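A short write-up of the structure that comes next.
Quick note: the coordinates plus some simple rules give every number you see, no bench work behind them. Note that the structure is a prediction, hence the values are computed from the model and not measured. A quick note on method: Cβ atoms are made from the backbone with ideal geometry, for glycine too, and the neighbour counts reach across all protein chains shown.
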Amino acid sequence: MKTFISILLMIIMCTACQFDLRKEDASSANVEIKVSRYDHLQYEATVLNSVSALQKMNLDFPRATKLLIEDVLVIGNVNDAEINERLCAYYSDTVLVRLMEDALAKYEDMSFIEKGLTNGFKALKKEIPDIPVPKVYSQISALNQSVVVEDSLLGFSIDKYMGADYPLYRRYYYDSQLRSMTPDRILPDCFTYYLFSLYPFHWETGFRTLFDIILYRGKINWVVRRILDIESNEELIGYTEEEREWCKKNKEKLWDWMKMRGHLTSTDPMVIRAYTHPDPNVLFKGEKVPPLIGLWLGTELIGEYIKKHPETSMIELLEQQDFRELLER
């Protein structure tokens with residue numbers, strides 16, 4: 001009788017496990033991202049003077065319109081009496097009209113972005129079943145912001161991802177900035193900023209050092225690389241082959257040098273910027289280091305930690321705030 005009860009309990013436990021797995025798989029399998037073309041409405045409302053499109057912007061996308069007007073363009077309050085006229089006037093600039101038309105032509109097909117977003121959020125849901133999946137829309141921000149996030153809303157600006165060789169960019173941006181304005185940056189940027197919003201960096205816990213910041217960015221990068229199945233940290237950052245070789249050659253020497261100079265424990269904004277900015281001003285042995293080198297180092301450290309502690313779940317990593325303890329454990 002005892003044997004029969006034991007077998008019965010084992011069957012029940014196995015069945016329960018299978019049910020949980022099916023439930024988790026279902027939560028990720030149901031994810032399918034469709035990008036809402038808010039950018040189309042913007043063009044129709046402002047360039048084609050479509051009243052119906054303007055109404056749809058306010059009625060169908062009230063939060064996106066509020067974000068655009070108040071936070072992205074900063075042209076007033078969404079409830080201002082003349083805000084619609086102000087919005088249309090803003091987008092009537094001939095250079096901006098050309099940018100809108102070029103962006104809409106380049107991103108006529110969103111299928112590759114939708115596929116990447118769908119696969120990424122499926123991977124996230126598999127690891128973190130309770131993570132919310134946002135509504136995603138594309139917009140034209142007039143070169144103001146690449147990605148905007150508010151609660152369960154995620155918007156990306158197609159005019160900010162026209163490619164490093166887009167002629168108009170040369171008038172406004174440095175080469176270091178152009179590296180991040182390519183179509184292949186849309187997916188990493190969307191997931192990076194969405195995870196920033198869900199797992200923010202807690203400045204209020206005290207003075208934060210360069211070490212804290214690069215490990216925070218490192219854990220976000222590690223998760224983004226994993227869910228998007230990106231081959232290497234160098235590819236995620238966007239390094240050239242020459243910069244990849246530099247990193248491999250100088251990684252440990254640079255780390256020791258940073259410790260010796262006291263940079264890792266520094267809270268100086270200029271020191272932090274030097275390691276986290278697209279245009280670094282750090283010289284190591286007379287050579288300018290690759291851009292965002294601190295973020296690359298942070299991602300490498302998180303990867304090393306995960307190798308030594310494979311039992312660490314993705315949500316445990318994302319919720320971790322004490323980075324020194326994380327590496328000392």
- Message: Restricting to Cα pairs below 8 Å that are 6+ residues apart, what does the relative contact order work out to for the chain? Please round to a whole percent.
- Response: 15
- Query: Which translational diffusion coefficient, to the nearest whole µm²/s, is obtained for region 36-198 from the Stokes-Einstein equation, given a Kirkwood hydrodynamic radius over C-alpha pairs, 20 °C and 1.002 mPa s?
  - Reply: 130
- In straight Cα distance, which lysines are under 30 Å from Lys34, not counting same-chain residues fewer than 8 positions off? Lys23, Lys56, Lys66, Lys106, Lys115, Lys122, Lys125, Lys126, Lys135, Lys160, Lys219
- Task: Using only alpha carbon pairs under 8 Å that are at least six residues apart, calculate the relative contact order of region 197-329 and give it in whole percent.
- Result: 38
- Message: Give me, ordered by chain and number, the residues 5 or more places off Phe284 or on other chains with an amide H under 5 Å from its own placed amide H.
- Response: Val289
- Query: What nm value, rounded to one decimal, do you get for the distance between Ser111 and Lys34 when each label is placed 7 Å out toward the C-beta?
  - Reply: 1.6
- Task: Count the net charge of all other residues whose Cβ sits under 10 Å from the Cβ of Gly294, scoring Lys and Arg as +1 and Asp and Glu as -1.
- Result: +2
- Provide the net charge surrounding Val149, with neighbours chosen by a C-beta distance below 12 Å and charges set as Lys +1, Arg +1, Asp -1, Glu -1. -2
- Inter-label distance, nm, simple model (7 Å from Cα along the C-beta direction), Lys259/Glu245: 2.8
- Message: Under 16 Å from a point placed 7 Å out from the Cα of Glu287 along the Cα-to-Cβ direction: which residues of region 250-270 have their backbone N that close?
- Response: 250-258
- Query: In nanometres, what is the gap between the two model label sites at Gln177 and Trp203, each 7 Å from Cα along Cα-to-Cβ?
  - Reply: 2.2
- Query: Just one of (1) 23.2, 85; (2) 29.8, 92; (3) 19.3, 60 is Rg and Dmax of the Cα atoms in Å calculated from these coordinates, so which is it?
  - Reply: (1)
- Message: If I build a Gaussian network model for the chain, linking alpha-carbon pairs within less than 10 angstrom, which residue out of Gly120, Gly163, Gly286 has the largest mean-square fluctuation?
- Response: Gly286
- GNM, the chain, Cα, under 10 Å: largest mean-square fluctuation among Lys253, Lys219, Lys106? Lys253
- Message: Give me the net charge for the shell around Pro280: Cβ to Cβ below 12 angstrom, other residues only, Lys and Arg +1, Asp and Glu -1.
- Response: -1
- Message: Need the C-alpha centroid separation for region 63-82 versus region 112-161, integer Å.
- Response: 21
- Which shape class applies to region 203-328: rounded if a/c is under 1.5, otherwise prolate when a/b exceeds b/c and oblate if not, where a ≥ b ≥ c are the square roots of the Cα gyration tensor eigenvalues? oblate
- Over the chain, the sum of -39500 (n - 2.57) across DSSP H runs of at least four, divided by residue number and rounded to 500 deg cm²/dmol, gives at 222 nm -17500 deg cm²/dmol
